[in-house]
Amino acid sequence: MADLIPADTSFPALEPGTPHKKCTSNKAKGYPARVIGGPVPWSEPNPAYRPVSYTAESILKRPAYADGPEPAGPFKSYEGPVREENGFPLNPRGRTGIRERGRLGRWGANFAADPILTRVRHGQFELLAIRRGDTGEWALPGGMVDGEESLAETLSRELAEEALGEKKSDRFRELFEIRGLEVYRGYVDDPRNTDNAWMETGAVHLHLSEEEANFEPVAGDDASHAEWTPVRRDTLKNFYAVHGDIVTKAILEWQAVSGHDLDADGRARPKKV
Ligand code: RP5
């Protein structure tokens, strides 16, 4: 049977500089229609570009995690130095059709963390995935970094809240610190992104033994559903934002070190020598 992931698979969306695609479609709830009307990269002129200004009411009320109404640098990004226009940070992957912050709280990068938990059970490779309450799409159980949290702290807290049904839990924190493999750190082509506010994440893979992974996921917080889901070719296509690419990359890296390949149905088999 064919391989789950062809060996020459590449991940342009995970490369700094690649123009985004998903956030230029109109998928974010409550957002005005996006019109770009020309090239997406800032480096290419687009004289007709007239982005609509939009910041959600909930953000203007200034919850604890949100910045004030005026952008104030310096702005940080995993993608390198942030360009500014009249003091406004500019999305590193190009135009989005919307100015200001949309539903994101921070000007510039809004940092998140995404835990990638996997296991092999009865020969089947499985991923701990959630369904997002907002879009209904499959996603990693990730979330926003809170204040000065370390990556491992955010990973274990979000995992606990969204997929373990626990409010506070450090169950996986040490494992993330000791065995977690960082798969990606960079821009997320998220439907909520705007010209001046966007998502970035650190995604870390933890492959668990059958014993460690012997628990039933419980959805909580922003997740409407959580489960160990079998990874098959069609599964990987339908993930939120760039989560499908991130999971695919994690699997390729796991295959390289585990001595196993996955077939198109996600069944693990010893590598051919
Ligand atoms: C995505 O949004 C990140 O990759 C992360 O999974 C998620 C964080 O936002 P919330 O789930 O907290 O809304 O861009």
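Looking at A203, A226 in this structure, which one is modelled with pLDDT under 95 and buried (at least 17 other Cβ atoms within 10 Å of the Cβ)? Write out each step before concluding.
On the way: A203 fails: modelled with pLDDT under 95.
Answer to the selection: A226.
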- List pairs: first in region 171-186 and under 29 Å from V82 (Cα atoms), second of a type in the set (S, T, Y) and open to solvent by 70 Å² or more (accessible area, probe 1.4 Å), Cβ under 6 Å, 6+ apart or cross-chain? R185/Y78; G186/Y78
- Query: Which one of these is closer than 30 Å to D265 by Cα, crowded, with 16+ Cβ neighbours inside 10 Å, in contact with an Asp or Glu (Cβ under 9 Å, 6 or more places away or on another chain) and touching a residue at least 60 places away in the same chain (Cβ under 8 Å): L90, L128?
  - Reply: L128
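Out of the residues in region 225-258 meeting the condition of being of a type in the set (S, T, Y) and more than 12 Å from the ligand (Cβ to nearest atom), tell me which one is nearest to K271 (Cα to Cα).
Among them, the one singled out is S258.
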- Message: Every residue in region 159-182 that is within 15 Å of the ligand (Cβ to nearest atom) and either at positive phi or open to solvent by 10 Å² or more (accessible area, probe 1.4 Å) (or both), please.
- Response: E161, E182
- Give me the pairs, please: first residue somewhere in region 137-153 and more than 11 Å from the ligand (Cβ to nearest atom) and among the charged types (D, E, K, R), second residue anywhere and open to solvent by 50 Å² or more (accessible area, probe 1.4 Å) and part of a helix (DSSP H, G or I), beta-carbon distance under 7 Å, and either six or more positions apart or on two chains. E153/R173
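Taking the condition part of a loop (DSSP other than H, G, I, E, B), touching a residue at least 12 places away in the same chain (Cβ under 8 Å) and not aromatic (F, W, Y), does T201 pass? Explain how you work it out, then say what you get.
Details: part of a loop (DSSP other than H, G, I, E, B): no; touching a residue at least 12 places away in the same chain (Cβ under 8 Å): yes; not aromatic (F, W, Y): yes.
Spelling it out, it is not the case that T201 is part of a loop (DSSP other than H, G, I, E, B), touching a residue at least 12 places away in the same chain (Cβ under 8 Å) and not aromatic (F, W, Y).
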- Could you figure out which of (1) more than 25 Å from R132 (Cα to Cα); (2) in contact (Cβ under 8 Å) with a residue 12 or more places away in the chain isn't true of P74? (2)
- The one condition in (1) near the ligand (Cβ under 10 Å from one of its atoms); (2) in contact with a strand residue (DSSP E or B) (Cβ under 7 Å, 6 or more places away or on another chain) that D134 fails to fulfil: (2)
- Task: Looking for whichever is surrounded by fewer than 21 Cβ atoms within 10 Å (Cβ to Cβ), at pLDDT below 95 and closer than 18 Å to D245 by Cα here; the options are E137, E148, E153. Which one fits?
- Result: E137
- Answer residue from region 29-65, given it is assigned to a loop (DSSP other than H, G, I, E, B), within 24 Å of V82 (Cα to Cα) and touching a residue at least 60 places away in the same chain (Cβ under 8 Å) and is most open to solvent (accessible area, probe 1.4 Å) among those: Y65
- Task: Confirm whether E216 is out of contact with any Asp or Glu (no Cβ under 7 Å at 6 or more places or on another chain), over 14 Å from A139 (Cα atoms), open to solvent by 70 Å² or more (accessible area, probe 1.4 Å) and in contact (Cβ under 8 Å) with a residue 12 or more places away in the chain.
- Result: no
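The values are calculated or read from the model by the stated rules, or taken from the named source; none is laboratory data. Since the model is a prediction, treat every value here as computed from it, not as a measurement. Quick reminder, even Gly has a Cβ in these numbers, built from the backbone with ideal geometry, and neighbours come from all protein chains shown. Surface accessibility is based on the protein's heavy atoms, side chains included, excluding ligands, DNA and RNA. Shrake-Rupley method; radii C 1.70, N 1.55, O 1.52, S 1.80 Å.
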